[in-house]
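Please treat every number below as a calculation from the coordinates, not as lab data. These figures come from a predicted structure and were not determined experimentally. Note: ideal-geometry Cβ built from the backbone for every residue, glycine included; neighbour counts use all protein chains shown.
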Amino acid sequence: MKQELALGESNVNLAALIGSRICHDLISPIGAISNGLELLDMAGAMRGPELELISGSVGNAGARIRFFRIAYGEAGDQTLGSSEVSELLDALGQAGRLKAHWRPTTAKPRQEVRLAFLALQCCETAMPLGGHVEIEYDNGHWSVTGTADKLTIDPDLWRGLTSKTAPARITPALVQFALLPEAAAAAGRRLRVDTTSTRIAIRF
């Protein structure tokens, strides 16, 4: 179905359409590079650590594009299966210090997975040295909980998730903090944030 934006719709919808367009245009060439590397490997034309480095980088880029497509793209009425999301997060974790664990066992609406992914990115900013994030669903309620030996939390930034009276300066690296509250409101969800010295939880 063609996705259109009517005048007067919220910024979150415009951001989603932009995200969908960018991811759509990037996923095909990345997939073509991956296929080309597989053909080179099968033909024996290129082997060794160089191929492994390129292949790993392309695989990570593809996983990140798929992640961004869900987090920043148009949600629609689709659902995403548990195995699909788990495999995506596992692929992302192979190239970084952050390990995310998807606990829901049944398919979930893409709109709700999108919120979970944005919350995951918020947690990631607080864990520069890496850590673990548990994404759980129980009786209609989501929790995204990050744990690490050390957290770096900007109080104004995190307060902005739940309070319109505490705006924070948003840089490109922190755009998830601006989008998550709007996306949650559009989905009829209310965000709650709890923090300790080693744990941070976002619930909705």
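Would you mind checking segment 91-114 for residues with the amide N under 17 Å from a putative spin-label position 7 Å along Cα→C-beta of Ser57?
It comes to 95-96, nothing else.
Based on the mean of other beta carbon atoms within 10 Å per residue, what is the order of 94-101, 59-66, 136-143, most packed first? Before the final figure, lay out each step's value.
On the way: 94-101: 15.6, 59-66: 17.5, 136-143: 12.6.
Per-residue mean Cβ counts within 10 Å order the peptides as 59-66, 94-101, 136-143.
Say a paramagnetic label sat at a point 7 Å from the Cα of His132, along Cα to Cβ; which residues of segment 79-100 have their backbone N under 18 Å from it?
86-87, 89-100
Would you please give the FRET efficiency between His101 and His141, computed as 1/(1 + (r/R0)^6) with r the Cβ-Cβ distance and R0 = 25 Å, to the nearest 0.05? Don't skip to the end; give the middle numbers.
Working: r = 17 Å, r/R0 = 0.70.
Efficiency for this residue pair is about 0.90.
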